[in-house]
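Following: one structure in structure tokens, then a few remarks.
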Amino acid sequence: MQPHTALRFSDTAPCHLEAVFFLSEQNDVYGWYAEAEGDRQSAAFFMLENFYSDRTPLFYRSLQDDVYGDWVRDQPYYDKVRCPLPEPLRHELERLQSIFVDEWLFFPGDPAAASEASAFVERGLPVQAINIKARRLSRMERLQGEWVYATAQADLTMLDFLQDQWAMAPGRQRR
């Protein structure tokens, strides 16, 4: 399984960031998704069962940003479940998440990210709860008020699907 990466960042009000890496195996998709709007953030590991099939996808996600913690099935209804991922896949997703975050993202509370935050401010960009590293912006394409990056063959509909699922999660407001 080859990991794919996609990021989308809007620097116009309301500023919004979405970042995902994922692996596909047959009809299923496994990965990690994060979003931020201002000082609000959300991140979780996920599984989309039957995403690439004619059947209705089942959406599973970790309740926290922890592949080993509690999970829920959000679609077709909200229900706590055991983690649907096999143990070796959990380890791999955790490893890939660490690499992805180190390569692409920074968090303003991290002392090591002070230079990244300064670079954002110098470019006139807002610093949010989660941000794309300033040096990575050059790898992104500017499209209709958004910065977009995706690895070759990454399915950008994945971002749309995940954004919709996160917006419908209990306790969340739809944007």
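The values are calculated or read from the model by the stated rules, or taken from the named source; none is laboratory data. Note that the coordinates shown come from a computational prediction; the quantities given were computed from them, not determined experimentally. Positions of Cβ are generated from backbone atoms using ideal geometry, with glycine treated the same way; all protein chains shown enter the neighbour counts.
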Being touching a helix residue (DSSP H, G or I) at 6+ places or on another chain (Cβ under 7 Å), crowded, with 18+ Cβ neighbours inside 10 Å, closer than 15 Å to GLN41 by Cβ and not basic (Lys, Arg) narrows PHE106, PHE120, PHE59 down to just PHE106
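Every residue, every condition in (1) within 13 Å of the chain's Cα centre (by Cα); (2) aromatic (Phe, Trp, Tyr); (3) modelled with pLDDT of 90 or more, yes or no:
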position	(1), (2), (3)
LEU48	no, no, yes
TYR68	no, yes, yes
VAL72	no, no, yes
PRO76	no, no, no
GLU92	no, no, yes
Residue selected from segment 1-18 under the condition under 24 Å from ASN50 (Cβ atoms) and of a type outside the set (S, T, N, Q), by the criterion farthest from the chain's Cα centre (by Cα): MET1
Given (1) under 17 Å from the mean Cα position of the chain (by Cα); (2) within 21 Å of TYR52 (Cβ to Cβ), number of the condition LEU85 does not satisfy: (1)
State whether the residues of segment 64-71 include one that is in contact with a Pro (Cβ under 6 Å, 6 or more places away or on another chain) and within 21 Å of SER24 (Cα to Cα). no
Can you tell me how many residues within segment 1-28 are in a strand (DSSP E or B), out of contact with any His (no Cβ under 6 Å at 6 or more places or on another chain) and under 25 Å from LEU137 (Cβ atoms)? 12
Can you tell me how many residues within segment 148-165 are of a type in the set (Gly, Ala, Ser), part of a loop (DSSP other than H, G, I, E, B) and in contact with a Ser or Thr (Cβ under 9 Å, 6 or more places away or on another chain)? 1
Step by step: first the residues of segment 1-43, then only those that are surrounded by 21 or more Cβ atoms within 10 Å (Cβ to Cβ) and either in contact with a Gly (Cβ under 9 Å, 6 or more places away or on another chain) or without any contact (Cβ under 8 Å) to a residue 24 or more places away in the chain (or both), then the one that is farthest from ALA134 (Cα to Cα). Which residue is that? PHE22
I'd like to verify a number: residues in segment 33-76 that are touching a Phe, Trp or Tyr at 6+ places or on another chain (Cβ under 8 Å) and closer than 21 Å to LEU89 by Cβ, how many? 23
